[in-house]
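Here is the structure we will look at.
The values are calculated or read from the model by the stated rules, or taken from the named source; none is laboratory data. Keep in mind it's a predicted model, so treat the numbers as computed, not measured. Cβ sites come from the backbone with ideal geometry, for glycine too, and all protein chains shown count toward neighbours. Keep in mind that these areas ignore ligands, DNA and RNA; they rest on the heavy atoms of the full protein, side chains included. Shrake-Rupley method; radii C 1.70, N 1.55, O 1.52, S 1.80 Å.
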Amino acid sequence: MLITKSGAIEIVQITDIHLTADENSHLKGVNTAENLTRVLGEVKHTSYERLIVTGDISEDSSSASYNLFLNLLKQNNISSVVCLGGNHDNISVMNQILNPFNLPKVFLKGNWLFICLNTTLSGKDEGEITAKDIKMLEELLSIHNSSYVVLF
């Protein structure tokens with residue numbers, strides 16, 4: 001929870017969901033769809049401002065896995081979501097399915113500036129912040145006089 005001049009901001013961040021096309025599949029002994037359902041069930045009972053999902057929504061990069069994610073969000077009445085891809089995600093498929101639901105990746109709340117960067121390198125486990133991203137960060141920081149910055 002973050003404190004602003006006007007009160008608290010509750011941000012929930014989850015990562016490494018690893019859904020597949022088959023909602024009954026298991027990864028390392030865990031049914032990822034059931035696990036996400038439990039997590040979202042807890043999230044919906046908070047006073048969250050945004051849910052930030054930071055990568056690996058999908059394990060198999062399938063359209064079905066992103067549709068499953070979207071359906072689980074809807075079933076739990078979760079609508080304030082920012083989604084970032086990870087090394088297992090297919091960014092174009094993810095964006096095609098989730099963009100109508102996905103909130104802007106830069107937002108202000110009180111004296112906090114939130115910036116969500118896609119650091120994914122296709123086909124690699126590691127990520128990077130590009131020169132273009134650094135330039136964007138410099139511009140955002142110069143035009144916003146926020147007391148605090150959170151970078152995802």
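Side notes on the structure shown:
- Residue among ALA8, ALA21 that is closer than 26 Å to LYS109 by Cα and surrounded by fewer than 18 Cβ atoms within 10 Å (Cβ to Cβ): ALA8
- Residue, modelled with the highest pLDDT, within region 97-119, restricted to residues that are more than 25 Å from GLU138 (Cβ to Cβ) and touching a Ser or Thr at 6+ places or on another chain (Cβ under 8 Å): ILE97
- Region 123-140 residues that are within 22 Å of ASP89 (Cβ to Cβ), paired with ones that are small (Gly, Ala, Ser) (beta carbon under 9 Å, 6 or more apart): GLY127/GLY55; GLY127/GLY86
- ILE134 meets the stated requirement of being at pLDDT 90 or above, of a type outside the set (Gly, Ala, Ser), farther than 29 Å from LYS74 by Cα and open to solvent by less than 80 Å² (accessible area, probe 1.4 Å).
- Qualifying residue in region 78-85 (condition: out of contact with any His (no Cβ under 7 Å at 6 or more places or on another chain), open to solvent by 40 Å² or more (accessible area, probe 1.4 Å), modelled with pLDDT under 90 and not acidic (Asp, Glu)): yes
- Residue among LYS109, LYS105 that is over 12 Å from the mean Cα position of the chain (by Cα), open to solvent by 50 Å² or more (accessible area, probe 1.4 Å), in contact (Cβ under 8 Å) with a residue 12 or more places away in the chain and closer than 29 Å to ASP133 by Cβ: LYS109
- When VAL53, VAL43 are screened for being in contact with a Cys (Cβ under 8 Å, 6 or more places away or on another chain) and without any contact (Cβ under 8 Å) to a residue 60 or more places away in the chain, only VAL53 passes.
- Unique match (being among the polar types (S, T, N, Q), without any contact (Cβ under 8 Å) to a residue 12 or more places away in the chain, on the phi < 0 side of the Ramachandran plot and open to solvent by 60 Å² or more (accessible area, probe 1.4 Å)) among ASN95, ASN145: ASN145
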